[in-house]
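Colleague: One structure coming up, written as structure tokens, with questions to follow.
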Amino acid sequence: MRNRCRLTLIVLAVSLIGCGPSSLNDAQDSVTTPDWATFGKGVTLEARTSIGDILANPEAFKDQIVAVEGQVVGVCAMMGCWVELESDSKQRLRIKVDDGVIVFPQEAQGSQAVAQGKVELLDFTPEEYLEKARHEAEEMDREFDPASIGDPPYREVRIFGSGALVAAAREAS
């Protein structure tokens with residue numbers, strides 16, 4: 001019985017070798033596959049938390065380490081110190097990192113990404129929020145309209161990132 005189990009495992013392993021990436025790439029020469037760039041400590045969590053879940057109930061996620069995924073729809077133009085991810089349902093969440101420790105390139109815009117870090121809830125006074133909005137407009141090289149900040153409460157839900165993976169399409173060989 002023991003030998004029969006070993007034989008079954010060996011046969012299974014050998015049959016799976018033929019299903020490896022090289023045979024898949026041979027069958028899909030014209031398909032592009034992602035080539036992931038690692039930033040900071042990368043992503044160690046396998047489970048993904050929905051951006052929508054975090055935004056719907058931020059208090060439940062406060063100070064938790066999570067991994068989120070989405071398309072990069074914004075990158076800090078001045079220092080690359082944040083990226084903004086958008087989910088399939090068009091909800092957005094900013095991933096902020098220490099200035100100069102992790103630098104996201106502008107070329108990340110439009111790419112899929114996974115980011116990991118601690119959920120933060122930042123509350124601002126009206127004056128602080130006005131200055132934050134002015135600074136962001138400067139970072140994005142756009143006109144600033146003080147009326148654009150809206151009414152309180154002034155809260156930002158974000159992730160203080162420890163790492164990320166950003167995909168770039170490359171041709172399969």
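The values are calculated or read from the model by the stated rules, or taken from the named source; none is laboratory data. Small disclaimer: the values here were computed from a predicted structure and weren't measured. Neighbour counts run over all protein chains shown; Cβ positions are idealised from the backbone, glycine included.
Colleague: Tell me which residues, restricted to the stretch 21-51, are at negative phi, part of a strand (DSSP E or B) and modelled with pLDDT of 70 or more.
Modeller: Keep residues of the stretch 21-51 that are at negative phi, which gives 21-39, 41, 43-51.
Keeping just the survivors that are part of a strand (DSSP E or B) gives 32-39.
Matches in the stretch 21-51: Pro34, Asp35, Trp36, Ala37, Thr38, Phe39.
Colleague: Could you check the stretch 107-165 and list, in sequence order, the residues that are surrounded by 15 or more Cβ atoms within 10 Å (Cβ to Cβ), among the aliphatic types (A, V, I, L, M) and under 30 Å from Pro34 (Cβ atoms)?
Modeller: Ala108, Ala113, Val114, Ala115, Val119, Val157, Ile159, Ala164, Leu165
Residues checked against (1) closer than 25 Å to Ser148 by Cβ; (2) at pLDDT 95 or above; (3) assigned to a loop (DSSP other than H, G, I, E, B):
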site	(1), (2), (3)
Ile95	yes, yes, no
Val103	no, yes, yes
Gly110	yes, yes, yes
Gly117	no, yes, no
Tyr129	yes, no, no
Lys132	yes, no, no
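Colleague: Oh, and also: Return the total of residues in the stretch 66-89 being touching a strand residue (DSSP E or B) at 6+ places or on another chain (Cβ under 8 Å), closer than 11 Å to Ile51 by Cα and either basic (Lys, Arg) or surrounded by fewer than 18 Cβ atoms within 10 Å (Cβ to Cβ) (or both).
Modeller: 2
Colleague: Right, here's the next one. Do the conditions hold for Leu122, that is, is it touching a residue at least 60 places away in the same chain (Cβ under 8 Å) and closer than 18 Å to Phe61 by Cα? Don't jump to the end; show me each part of the working.
Modeller: Working: touching a residue at least 60 places away in the same chain (Cβ under 8 Å): no; closer than 18 Å to Phe61 by Cα: yes.
Criteria not met by Leu122.
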